[in-house]
Amino acid sequence: MKEKLEQIKLEAVSMLEAENADLEQIRIRFLGKKGELTSVLRGMGALSAEERPVIGALANEVRQYIEERLADAAVAQKAKENEKKLAKEKLDVTLPGSKIKIGKRHPLSQVQEEIENIFIGMGFEIVDGPEVEYDYYNFTALNTPENHPARDTQDTFYITENILLRSQTSCVQARTMEHKAPPIRVISPGRVYRSDAVDATHSPMFHQIEGLVIDKGITMGDLKGTLEIFAKNMFGADTKIRFRPHHFPFTEPSAEVDVSCFVCGGEGCRLCKGEGWIEILGAGMVHPNVLRMGGIDPEVYSGFAFGLGIERVVMRRYNIDDMRLLYENDVRFLEQF
Ligand code: PHE
């Protein structure tokens, strides 16, 4: 029996020493209710009275020994597991973090804001107007009565007989005069619509900024000075502007306004197509009929107005040769600005 106990002890130890030993299984096999040690103890009844305490003591010793070794093995296994886990979860805190992509504003919005800031600096106020507009404000109040040929050149989308998608931001002029008394100094950015087919320089939707100034004694000199300050701030201190006679129903006299090419400075290059000048806006002195319809006495007040295409400025500024790029929302394109 003594030998049997020694053998159990050796066997248990050798099993415990194996790699990845299943400790629970070993415990059950040697110390469990139906385990080997228990069955030895059961056979003690057959022993003599002298042998019994000796074997009993030895059996206890073996049990205690196996228990201790089991506990040691459990601690060792746990430590090994932890070590493995740590190795697997190793973290290099010096690695660069993953960057969060931050979006930015569309070039059209950036340039619009820039233009707004320049005019705010000159004391202008920003006003808003609806894109779905009465033809009264889009045309009639702007001295463009029904059957006026100028209505054709700004062919637009009609919603009903007398409601349309505005073809110009000039409607905001008429709206402003109706509810504001002079002095008036406003700009109004926004979308406008014309039934143009899409190509590199046309879109049925684009953006304008309208400007309107009305006060006593406003002259074309004020218009010129204001646009000059705008152009120098927008395109650089050396920029010059040029007025070319033109016709708009709501201004008289009217002009198309060019800025000296900000790439070649006026010598002629690819951007300005050899002209040295780039057209950016329409302008003029507010027509007396328009003032009258807006409830302002043209004998007392005068004013100027201008309308600037934002796409044009963006395309010229960034040398973009296809307008469609501005509307496609391709991040690879937009990221550049
Ligand atoms: N509304 C005109 C256009 O869209 C531009 C303009 C605005 C001209 C104000 C004169 C005065 O072409």
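Being without any contact (Cβ under 8 Å) to a residue 40 or more places away in the chain and assigned to a loop (DSSP other than H, G, I, E, B) is the filter here, so list the residues in region 297-315 that pass it.
Passing the criteria: ASP297, PRO298, GLU299.
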## Note on the structure
Within region 102-114, of all residues that are hydrophobic (A, V, I, L, M, F, W, C) and touching a helix residue (DSSP H, G or I) at 6+ places or on another chain (Cβ under 7 Å), the one most open to solvent (accessible area, probe 1.4 Å) is LEU108
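Considering every residue within region 258-270, establish whether at least one is within 16 Å of the ligand (Cβ to nearest atom) and out of contact with any Phe, Trp or Tyr (no Cβ under 9 Å at 6 or more places or on another chain). Full working, then the answer.
Filtering region 258-270 for residues within 16 Å of the ligand (Cβ to nearest atom) gives 258-259.
Within this subset, residues satisfying the condition of being out of contact with any Phe, Trp or Tyr (no Cβ under 9 Å at 6 or more places or on another chain) are none.
Scanning region 258-270 turns up no residue that is within 16 Å of the ligand (Cβ to nearest atom) and out of contact with any Phe, Trp or Tyr (no Cβ under 9 Å at 6 or more places or on another chain).
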### Task
Could you tell me which numbered condition ARG175 fails, if it satisfies all but one of (1) loosely packed, with under 15 Cβ neighbours inside 10 Å; (2) at pLDDT 95 or above?
(1)
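From the set of residues in region 244-266 that are part of a strand (DSSP E or B) and open to solvent by 50 Å² or more (accessible area, probe 1.4 Å), which is nearest to ILE229 (Cα to Cα)?
Among those residues, the one meeting the criterion is ARG244.
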### Hits in region 181-216 (condition: among the hydrophobic types (A, V, I, L, M, F, W, C), closer than 21 Å to MET315 by Cα and open to solvent by 10 Å² or more (accessible area, probe 1.4 Å))
ALA197, VAL198, ALA200, MET205, PHE206
### Summary
When region 279-296 is checked residue by residue, the ones that are in a helix (DSSP H, G or I) and more than 16 Å from the ligand (Cβ to nearest atom) are ARG292
### Task
Find all pairs meeting these conditions: Cβ atoms under 8 angstrom apart; at least six residues apart or on different chains; first residue within region 35-56 and closer than 11 Å to LYS4 by Cβ and among the aliphatic types (A, V, I, L, M); second residue at pLDDT 80 or above and open to solvent by 40 Å² or more (accessible area, probe 1.4 Å).
LEU37/ARG63; VAL40/LYS4
### Task
Just give me the residues in region 116-145 being of a type outside the set (Ser, Thr, Tyr) and assigned to a loop (DSSP other than H, G, I, E, B), in sequence order.
MET122, GLY123, PHE124, VAL127, ASP128, GLY129, PRO130, GLU131, PHE139, ASN143, PRO145
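Specify which of the listed residues (THR156, THR169) is at pLDDT below 95, surrounded by 14 or more Cβ atoms within 10 Å (Cβ to Cβ) and under 21 Å from HIS246 (Cβ atoms).
THR156
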### Task
Can you tell me which residue within region 297-324, out of those that are over 17 Å from ALA200 (Cα atoms) and buried (at least 22 other Cβ atoms within 10 Å of the Cβ), is farthest from the ligand (Cβ to nearest atom)?
GLY303
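The values are calculated or read from the model by the stated rules, or taken from the named source; none is laboratory data. Computed from a predicted structure; not experimentally measured. For neighbour counting, all protein chains shown are included, and Cβ atoms are generated from backbone atoms with ideal geometry for every residue, glycine included. Calculation scope for accessible area: heavy atoms of the full protein, side chains included, ligands and nucleic acids excluded. Shrake-Rupley method; radii C 1.70, N 1.55, O 1.52, S 1.80 Å.
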